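S.K.: This is the structure, below, for whatever I ask next.
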Amino acid sequence: MSLESARARLMRQLAHEVRDKKVLDVMGRVPRELFVPASSQHAAYENVPLPIDMGQTISQPLIVGVMTEAMDLRDNEKVLEIGAGSGYQTAILAELARWVVSVERHPKLVEGARKILSLLSYKNVEIHLAGEKLGWEQEAPYAAIMVTAGAPSVPQELLEQLAVGGRLVIPVGTPFEQDLIKVVKHQERTVSINLGPCRFVPLIGEGGWQKE
Ligand code: SAH
């Protein structure tokens, strides 16, 4: 099957679960095959996560769709992503938001993501090497924050970097399986909903799990 027809088939599958037309549109445009290693390019439009460098993974397209939809993005918003990895989710966010700040703890992945995003001419993205502190508080507050690695609980550090009215989408659970949680920050309280089970690589460091 050609990449073109695999992509059309994937988009039909996604349309059953993701309702937001804008999210589907963007996922139909961003070339996922350019974010995966050459050896798995043929599988770029299968609805599966794929291995990338440093033992990490590019998320399953369905989960990218569900998480992006949950972010409820407007095109004038600044967002934060934790875990740039391949840069694929970063590109999807860059299509929908005004500005994307993304952090990643592996220098090799930072370099790879910067390269492909600049090749694809994204000008509203900055990718930083993660420091000791979780997130990127220099540019807080963010209208929405997406964490693409699993945490033991919702990190207080990220709620502090979220604007009032902001959304935080994060997998919470054990290092092996999590639930996808969406937290909305109101003036006086936060409201959380569970969007269902998921499986991510672990978030490492502050707010996450201990270093390997
Ligand atoms: N969004 C990525 C998913 C990559 S997997 C994609 O679409 O390809 C999750 C990534 O989170 C990994 O690359 C991992 O190195 C990174 N990560 C884990 N803990 C982190 C932390 N505390 N800060 C920044 N990145 C982290």
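S.K.: With a 1.4 Å probe and all protein chains left in place, how much accessible area per residue does the stretch 1-117 have, in Å²?
M.R.: 45
S.K.: Relative to the longest principal axis of the C-alpha atoms of the chain, give the angle of the C-alpha long axis of helix 3-15, reported between 0 and 90° and rounded to the nearest 10°.
M.R.: 40
S.K.: What nm distance separates the two modelled labels at Ser2 and Lys133, each placed 7 Å from Cα along Cα→Cβ?
M.R.: 5.1
S.K.: How much length, in nm to one decimal, is gained on full extension between Val191 and Arg12, taken as 0.36 nm per residue of separation minus their Cα-Cα distance?
M.R.: 61.2 nm
S.K.: Carbon and sulfur: what percent of the chain's accessible surface (1.4 Å probe)?
M.R.: Percent of accessible area from carbon and sulfur atoms in the chain: 53.
S.K.: Please turn the phi angles of the stretch 66-79 into ³J(HN,Hα) values with the Karplus equation 6.51 cos²θ - 1.76 cosθ + 1.60 (θ = phi - 60°), one per residue in order, whole Hz, x for glycine and proline.
M.R.: Ordered by residue, 3J(HN,Hα) equals 5, 5, 5, 4, 5, 6, 6, 6, 10, 6, 9, 9, 9, 10 Hz.
S.K.: Scan around Trp209 for amide H atoms under 5 Å from its own, H built in the peptide plane at 1.01 Å from N, and keep only partners 5 or more places away or cross-chain.
M.R.: Here the answer is Leu203, Ile204, since their amide H atoms fall under 5 Å of that of Trp209.
S.K.: Given 4 °C and 1.567 mPa s, compute D for the stretch 3-198 with the Stokes-Einstein relation, Rh being the Kirkwood radius over Cα pairs; round to the nearest whole µm²/s.
M.R.: Calculated translational D: 77 µm²/s.
The values are calculated or read from the model by the stated rules, or taken from the named source; none is laboratory data. Not measured: the values here are computed from a predicted model. In this analysis, Cβ positions are derived from the backbone assuming ideal geometry, glycine residues included, and neighbour counts consider all displayed protein chains. Protein only, heavy atoms only, side chains kept; ligands, DNA and RNA dropped before computing areas. Shrake-Rupley method; radii C 1.70, N 1.55, O 1.52, S 1.80 Å.
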